[in-house]
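Chemist: First, the structure itself, so that you have it in front of you.
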Amino acid sequence: MKKFTSQFWLQRPIHWSLVFGLASLLGSCGSGDIPLGPTSLNSRYTEEQPALSGNGRFLAFISNRNSVHQLLVYDLQQQSFIRTPGLNRPETITESPSLSYTGRYIVYITSDQGRPVVALYDRAIQQSQIVTPTYRGWVRNPGISPDGRYIVFETAARGHWDIEVLDRGPNIELDIPNGATVNPSQ
């Protein structure tokens with residue numbers, strides 16, 4: 001007959017180095033190390049597709065904070081979010097942000113009547129406009145030049161992905177640093 005002895009799990013050999021290692025790992029991953037909150041850069045939500053302004057001060061990214069898909073702009077110098085009224089429309093997806101030199105202009109993908117379009121947001125006048133209303137194909141991956149004059153993006157209008165360059169014209173207000181000169185011959 002087989003002898004039965006009860007053995008509690010505490011009586012089994014334990015590799016204490018493994019236990020202490022896991023405990024210290026869990027302790028170091030606490031949220032106290034990362035600043036969280038409505039005004040901090042990091043949150044508990046998905047944040048992706050970061051874009052940095054040319055001067056390195058502003059960061060634009062796509063976030064799902066508060067279960068709302070939105071494009072946010074963060075001032076790295078002031079460590080606070082920038083108000084962007086008119087940028088995020090209800091029930092509209094925004095993707096792939098790109099910033100000009102000082103972050104005045106933001107280009108991004110949004111939807112218009114169910115199809116993707118490239119939109120431009122001007123932080124100075126707090127308005128957004130669609131810059132590709134006549135493109136028949138799909139568009140993706142927009143980018144803006146540092147001065148804000150040129151917008152590039154990919155389009156599938158001809159059945160494969162091509163690169164388009166959109167010139168906003170010589171009469172737009174350029175995004176240049178204060179005190180910089182503009183060479184009109186360029």
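The values are calculated or read from the model by the stated rules, or taken from the named source; none is laboratory data. Please read all numbers here as calculations on a predicted model, not as lab measurements. Quick reminder, even Gly has a Cβ in these numbers, built from the backbone with ideal geometry, and neighbours come from all protein chains shown. Each accessible area value is taken on the protein alone, full model and side chains, heavy atoms only, with ligands, DNA and RNA left out. Shrake-Rupley method; radii C 1.70, N 1.55, O 1.52, S 1.80 Å.
Chemist: Inspect segment 59-71 for any residue being open to solvent by 80 Å² or more (accessible area, probe 1.4 Å), modelled with pLDDT under 90 and not in a loop (DSSP other than H, G, I, E, B) and give the result as yes or no.
Modeler: Just the residues of segment 59-71 that are open to solvent by 80 Å² or more (accessible area, probe 1.4 Å), to begin with: 66-67.
Narrowing further to those that are modelled with pLDDT under 90: 66-67.
So of that shortlist, the ones also not in a loop (DSSP other than H, G, I, E, B) come out as 66-67.
Yes, segment 59-71 has at least one match.
Chemist: Additional query: Only residues that are open to solvent by 60 Å² or more (accessible area, probe 1.4 Å), at pLDDT below 95 and either basic (Lys, Arg) or in contact with a Lys or Arg (Cβ under 9 Å, 6 or more places away or on another chain) (or both): list them for segment 162-186, please.
Modeler: Pro170, Glu173
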